[in-house]
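Below you'll find the structure, written out as structure tokens, and then a few comments.
Since every read-out is calculated from the coordinates, none of them should be taken as a lab result. Only a predicted model underlies this, so the values are computations on that prediction, with no experimental measurement involved. Every residue, glycine as well, gets a Cβ built from its backbone with ideal geometry; the counts of neighbours run over all protein chains shown.
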Amino acid sequence: MKVGETYSLPNVNFIGGRHVWFPKGNKVLIQLADVLKNNPSFEVELQGHICCDYDHFDGEDLDLKTFNLSWTRAHAIREFLEKQGIDSRRIKVTGMGHLNPVVYPERTEEDMIKNRRVEIVVRKK
């Protein structure tokens, strides 16, 4: 992993309108926690993304009734990593809104799911 590079978290995708990821992402998140545990000098940025809401910069989090869904998705991953023993000072959280979609235009639900994601940027090694 290189400083400044952006990496996808395969299978870490979210339910529409929520900051809850699908269970198939758990394995990847546990692997990420292990990488961070084994490399205590690593600092990362988690960048949350949404799909399909082009009328606003960010989407509504239906659970929290806020319009910062991309941020709450990244924050949910941060909370998961904290529970795995990772110091929160090593994790920056950023909401990217609908910028940088993986798939555009979104034509299917599968396309939308691909865009509902969190990516990781290595800030320090």
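Listed by chain and number, the lysines placed with their C-alpha closer than 19 angstrom to that of LYS2 are LYS37, LYS92, LYS124, LYS125; residues fewer than eight positions away on the same chain are left out.
Output the antiparallel fraction of DSSP beta bridges having both residues in the chain, as a percent to the nearest 5.
Percent antiparallel among DSSP bridges in the chain is about 70.
How high is the relative contact order of the chain, given as a whole-number percent (alpha carbon pairs under 8 Å, six or more residues apart)? Walk me through the intermediate numbers first.
Numbers: 254 pairs, mean separation 50.9, N = 125.
Computed value for the chain: 41 percent relative contact order.
Within the stretch 1-88, which GluC sites (Glu not before Pro) sit in a loop by DSSP and count at most 10 neighbouring Cβ atoms inside 10 Å? Mind dumping the intermediate values first?
Values: sites: GLU5, GLU43, GLU45, GLU60, GLU79, GLU82; in loops: GLU5, GLU60.
Taking the stretch 1-88 and a limit of 10 other Cβ atoms within 10 Å, the loop GluC sites (Glu not before Pro) found are GLU5.
For LEU9, the residues whose amide H sits under 5 Å from its own are VAL118, ILE120, ignoring neighbours fewer than 5 places away on the same chain, with H placed 1.01 Å from N.
For the pair the stretch 34-63 and the stretch 76-95, the centres of their Cα atoms are 10 angstrom apart. Near THR66, the amide H atoms lying under 5 Å from its own belong to ASP61; only residues 5 or more places off or on other chains count, and H is placed 1.01 Å from N.
Across the stretch 86-103, computed HN-Hα scalar couplings (Karplus, 6.51 cos²θ - 1.76 cosθ + 1.60, θ = phi - 60°) run 8, 5, 4, 5, 8, 10, 8, 10, 9, x, 9, x, 8, 5, 6, x, 6, 10 Hz from first to last residue, x flagging Gly and Pro. Local charge for GLU119 was computed over the other residues whose Cβ lies under 11 Å away, with Lys and Arg +1 and Asp and Glu -1, and equals 0. Excluding same-chain neighbours fewer than eight residues apart, the aspartates and glutamates reachable from LYS114 by a Cα-Cα span under 17 Å are ASP53, ASP58, GLU106.
As a proxy for reagent exposure, ASP63, ASP111, ASP55 were ordered by neighbouring Cβ count within 10 angstrom, fewest first; the result is ASP55, ASP63, ASP111. Quick one: angle between helix 69-83 and the longest Cα principal axis of the chain, in degrees between 0 and 90, rounded to 10, please. On a 0 to 90 degree scale, this one is about 30.
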